[in-house]
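Throughout, read-outs are computed from the coordinates displayed, never taken from laboratory work. Everything quoted here is computed from the prediction, not taken from an experiment. Cβ atoms come from the backbone with ideal geometry, glycine included; neighbour counts cover every protein chain shown.
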Amino acid sequence: MLKLELEKPEDFSGVEDLYDICFSPSRKVLSSYRLRENVKPIDKLCYLAKNETGSILCAVRYWPIKIQSFKFLLLGPLAVHPTMQAEGHGNYIINETLKRAEKFGWQAIILIGDLSYYRHFNFIIAKSIEFPLPTDPKRTLIKSLNGFDISLLKGKVERWGAK
């Protein structure tokens, strides 16, 4: 299994390169990126894994968001280099960072993704949350942490912590 480490400032371009490989530069026009603009990610939850030559093979970032007065995490992007996919690395990095997010006291995590993949991490469709358009509501997923009652949530997801 890959050894995870916190993303450092000098890793930024390598992580962005991995995201471009996995999702293309056009990923930046997605609605989830509107929530990341001018917002600093949660440093203590941004992890990556490198190979023996220092190339970044796997990475995930988390961002602060809010719904009503509640503060949550936006997960993503999660990327695993195409040569390493389907080997469990994505599962590993998600499981490890979910444990850490809970340990740090976060109450919920939201993402845009496929329920078929994220279901086994106990994510469900966030039926009463409005994500910026044009997001498919069936891809807006949420996971409760620390016993938070996600049925309390209703409303629009907004940026939090903009510079």
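Taking Cβ atoms as reference points and 13 Å as the exclusive limit, the residues near S116 contribute a net charge of +2, counting Lys and Arg as +1 and Asp and Glu as -1. Over all other residues within a Cβ to Cβ distance under 12 Å of I150, the charged ones net out to +2, with Lys and Arg as +1 and Asp and Glu as -1. Each of S55, S144 has some number of other Cβ atoms within 10 Å of its Cβ, and from fewest to most they run S55, S144. Applied to segment 107-120, the Karplus parametrisation 6.51 cos²θ - 1.76 cosθ + 1.60 on θ = phi - 60° returns per-residue 3J(HN,Hα) values of 9, 6, 10, 10, 8, 10, x, 8, 4, 4, 8, 7, 4, 6 Hz, with x for Gly and Pro.
In order along segment 95-104, the phi-based Karplus estimate (6.51 cos²θ - 1.76 cosθ + 1.60, θ = phi - 60°) of 3J(HN,Hα) comes to 4, 5, 6, 5, 4, 5, 4, 5, 4, 7 Hz; Gly and Pro are listed as x. Here the Karplus relation 6.51 cos²θ - 1.76 cosθ + 1.60, evaluated at θ = phi - 60°, turns the backbone of segment 79-93 into coupling constants of 9, 10, 3, x, 6, 10, 5, 6, 10, x, 5, x, 4, 4, 5 Hz, with x for every Gly and Pro.
Straight-distance candidates among the aspartates and glutamates for linking to K28, with alpha-carbon spacing under 14 Å and chain neighbours fewer than 8 residues away dropped: E16, D17, D20, E37. Counting neighbouring beta carbons within 10 Å and listing from fewest to most, the residues W160, W106, W63 come out as W160, W106, W63.
Put a plus charge on the Cβ of each Lys and Arg, a minus charge on the Cβ of each Asp and Glu, and nothing anywhere else: the dipole of segment 1-105 about its Cα centre is then about 560 debye.
Lys and Arg at +1, Asp and Glu at -1: add these up for the other residues within a Cβ distance under 15 Å of G88 and post the number.
Summing Lys and Arg as +1 and Asp and Glu as -1 gives -1.
For P(r) over Cα pairs in 10 Å bins from 0, in percent, computed directly from the structure shown, the correct entry in (i) 10, 35, 26, 15, 10, 3, 0; (ii) 10, 41, 38, 10, 0; (iii) 9, 25, 31, 21, 11, 3, 0 is (ii). Neighbour counts of C-beta atoms inside 10 Å place T53, T83 in the sequence T53, T83, starting with the fewest.
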